[in-house]
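Visitor: Before I ask anything, let me first share the structure, which is written out below as structure tokens.
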Amino acid sequence: MRVLITGASGFIGAPLTAALADAGYQVRAAVRDRPRRSFPAGVAIAVLPDLAGTVDWAPFVAGMDALVHLAGIAHVGPEIPDAIYDRVNHLATTALAMAAASTGVRKFVFMSSTRAQAGASADAPLTEVAEPHPTDAYGRSKLAAEAAVRASGLSYTILRPTLVYGANPKGNLASLIRLAALPVPLPFGAFVNRRSLLAIDNLIAAVRFALEDERATTETFLVSDPGAISVAELVASLRKAAGRKPSLLPIPPALLSTLLALIGKRDMAQRLAGTLIAEPTKLLAAGWRPVIDTRTAITVMVQAASPWKSGTASRSTP
């Protein structure tokens, strides 16, 4: 199968490109800049212009059987105008879907987000049948892009992943890994709120399921590791992987969240203290199977990053 991957040099795109190439796909990797690291042999490189401008998608989709659309603004931040989210995440996706439909692409896999459905936390577990209520411009742009994909006439699968983790994480997760590596007790013992996470290997398995299995056609799926874990369990797992004892102090979450907000870490506070459960019940029922469990994947991630040895910053997805 010939497949176009947009955003192919990113946190998700790079391992996905390598995995599909290794599985025998003929991959065209669309990237903003020619990557410094090489892709697997046989991967064709195509350089994308800025998605905030007008993009001629025809050369990118020409000859492709399928495409996986990852490119876009992948984080939430007040410094980004709402119109840019809409332009990059919604309108560029609309144009890509139209181009794909006109050139005979057989399958469009769109990487959306749980933020198309809810905020950073939710009072009740998310399900695909619940009415979406995005809380920010990023989530609204992803939801609008989903609607454009559904309206395109293409055979599609829409994936709404939770927080994705894997090698070279960034953002809040990278900060948490660095904290977990410190040789001091940490104030997360009382954080019993649960959050759904998603190992990069399990997301890649979901993309392959979407590309290869008819049961994924014209469906929208939440994607996560089965079984949400508490923040206290997450930090304990990170510390264990780093060779530390848990040593978690039962500091009230409200107090710690207030302190984080005061130092400008409001988003981190909301993620740490909030609950977001998005079980992949529908995806499992369709036939997808995860390839790694959460605690094993956390150990692999931390030991690959080794921040307690190098002291360097690591990277993760939002």
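Visitor: I need every pair where a residue in the range 221-236 that is free of Cβ contacts under 8 Å to residues at least 40 places away in the same chain and over 11 Å from residue 191 (Cα atoms) has its Cβ under 6 Å from the Cβ of a residue that is hydrophobic (A, V, I, L, M, F, W, C) and surrounded by fewer than 23 Cβ atoms within 10 Å (Cβ to Cβ), sequence separation at least 6 or different chains.
Guide: none
Visitor: Of all residues in the range 48-95, count the ones that are more than 15 Å from residue 141 (Cα to Cα) and either touching a His at 6+ places or on another chain (Cβ under 9 Å) or not small (Gly, Ala, Ser) (or both). Show your work before the answer.
Guide: Restricting attention to the range 48-95, the residues satisfying the condition of being more than 15 Å from residue 141 (Cα to Cα) are 48-50, 53-68, 79.
Then keep just the ones that are either touching a His at 6+ places or on another chain (Cβ under 9 Å) or not small (Gly, Ala, Ser) (or both); that gives 48-50, 54-57, 59-61, 64-65, 67-68, 79.
The qualifying residues number 15.
Visitor: Right, here's the next one. Given (1) surrounded by 18 or more Cβ atoms within 10 Å (Cβ to Cβ); (2) assigned to a helix (DSSP H, G or I); (3) hydrophobic (A, V, I, L, M, F, W, C), where does residue 147 come up short, assuming only one miss?
Guide: Answer for residue 147: the failing condition is (1).
Visitor: Among the residues of the range 103-117, which ones are of a type outside the set (D, E, K, R) and either in contact with a Lys or Arg (Cβ under 6 Å, 6 or more places away or on another chain) or surrounded by 18 or more Cβ atoms within 10 Å (Cβ to Cβ) (or both)?
Guide: Of everything in the range 103-117, those that are of a type outside the set (D, E, K, R) and either in contact with a Lys or Arg (Cβ under 6 Å, 6 or more places away or on another chain) or surrounded by 18 or more Cβ atoms within 10 Å (Cβ to Cβ) (or both) turn out to be 105, 108, 109, 110, 111, 112, 113, 114, 116, 117.
Visitor: Of all the helices (runs of 4 or more DSSP H) wholly in the range 152-269, which have at least 3 residues that are at negative phi and modelled with pLDDT of 95 or more?
Guide: Numbers: elements: 171-180, 200-212, 231-241, 253-262.
Hits in the range 152-269: 200-212, 231-241.
Visitor: Please specify each residue of the range 42-89 satisfying the condition of being of a type outside the set (A, V, I, L, M, F, W, C) and either crowded, with 20+ Cβ neighbours inside 10 Å or at positive phi (or both).
Guide: 42, 63, 69, 72, 85, 89, listed by residue number.
Visitor: While we're on this one: Residue 50: within 23 Å of the chain's Cα centre (by Cα) and acidic (Asp, Glu), yes or no?
Guide: Judged against the criteria, residue 50 is a match.
Visitor: Examine the range 16-29 for a residue that is assigned to a strand (DSSP E or B), among the polar types (S, T, N, Q) and over 24 Å from residue 172 (Cα atoms), and state whether such a residue exists.
Guide: The answer is yes, given that some residue of the range 16-29 is assigned to a strand (DSSP E or B), among the polar types (S, T, N, Q) and over 24 Å from residue 172 (Cα atoms).
Visitor: Something else about it: Could you give every pair whose Cβ atoms fall below 6 Å, whose first residue belongs to the range 1-12 and is modelled with pLDDT of 95 or more, and whose second residue is among the charged types (D, E, K, R), counting only separations of at least 6 or pairs across chains?
Guide: 1/65; 2/65; 4/28
Visitor: Ok, one more. Looking at 120, 100, 74, which one is more than 22 Å from residue 286 (Cβ to Cβ), part of a helix (DSSP H, G or I) and either touching a Lys or Arg at 6+ places or on another chain (Cβ under 9 Å) or of a type outside the set (Phe, Trp, Tyr) (or both)?
Guide: It is 100.
Visitor: Within the set of pairs 6+ apart or on separate chains, which have a first residue in the range 72-101 that is farther than 23 Å from residue 154 by Cα, a second that is of a type in the set (Asp, Glu), and C-beta atoms under 8 Å apart?
Guide: That search, which allows pairs on different chains as well, returns 76/136; 76/267.
Visitor: Please go through the range 178-206 and give me each residue that is among the β-branched types (Val, Ile, Thr) and within 21 Å of residue 277 (Cα to Cα), ordered by number. Steps first, answer last, please.
Guide: Kept after step one, since they are among the β-branched types (Val, Ile, Thr), are these residues of the range 178-206: 184, 192, 200, 204.
Within the range 178-206, 192, 200, 204 meet the criteria.
Visitor: Condition first: of a type in the set (S, T, N, Q) and closer than 26 Å to residue 302 by Cα. Now tell me which residues in the range 216-266 satisfy that.
Guide: Restricting attention to the range 216-266, the residues satisfying the condition of being of a type in the set (S, T, N, Q) are 217-218, 220, 224, 230, 237, 247, 257-258.
Within the range 216-266, 224, 230, 237, 247, 257 qualify.
Visitor: Same structure, new question: Could you check the range 49-101 and list, in sequence order, the residues that are among the aliphatic types (A, V, I, L, M) and under 30 Å from residue 264 (Cα atoms)?
Guide: 51, 52, 70, 71, 73, 74, 76, 80, 83, 84, 88
Visitor: Continuing with this model, one more query. So which residues in the range 275-299 are touching a helix residue (DSSP H, G or I) at 6+ places or on another chain (Cβ under 8 Å) and aliphatic (A, V, I, L, M)?
Guide: 276, 278, 283, 286, 291, 292, 297, 298
Visitor: With the checklist (1) within 14 Å of residue 13 (Cβ to Cβ); (2) out of contact with any helix residue (DSSP H, G or I) (no Cβ under 6 Å at 6 or more places or on another chain) in hand, flag the one item residue 46 doesn't pass.
Guide: So the condition that residue 46 fails would be (2).
Visitor: A further question on this structure: In the range 77-89, how many residues are more than 14 Å from residue 50 (Cα to Cα), of a type outside the set (D, E, K, R) and not in a loop (DSSP other than H, G, I, E, B)?
Guide: Here the count works out to 1.
The values are calculated or read from the model by the stated rules, or taken from the named source; none is laboratory data. The shown structure was predicted, so the numbers you read here are calculated from the model rather than taken from an experiment. Neighbour counts run over all protein chains shown; Cβ positions are idealised from the backbone, glycine included.
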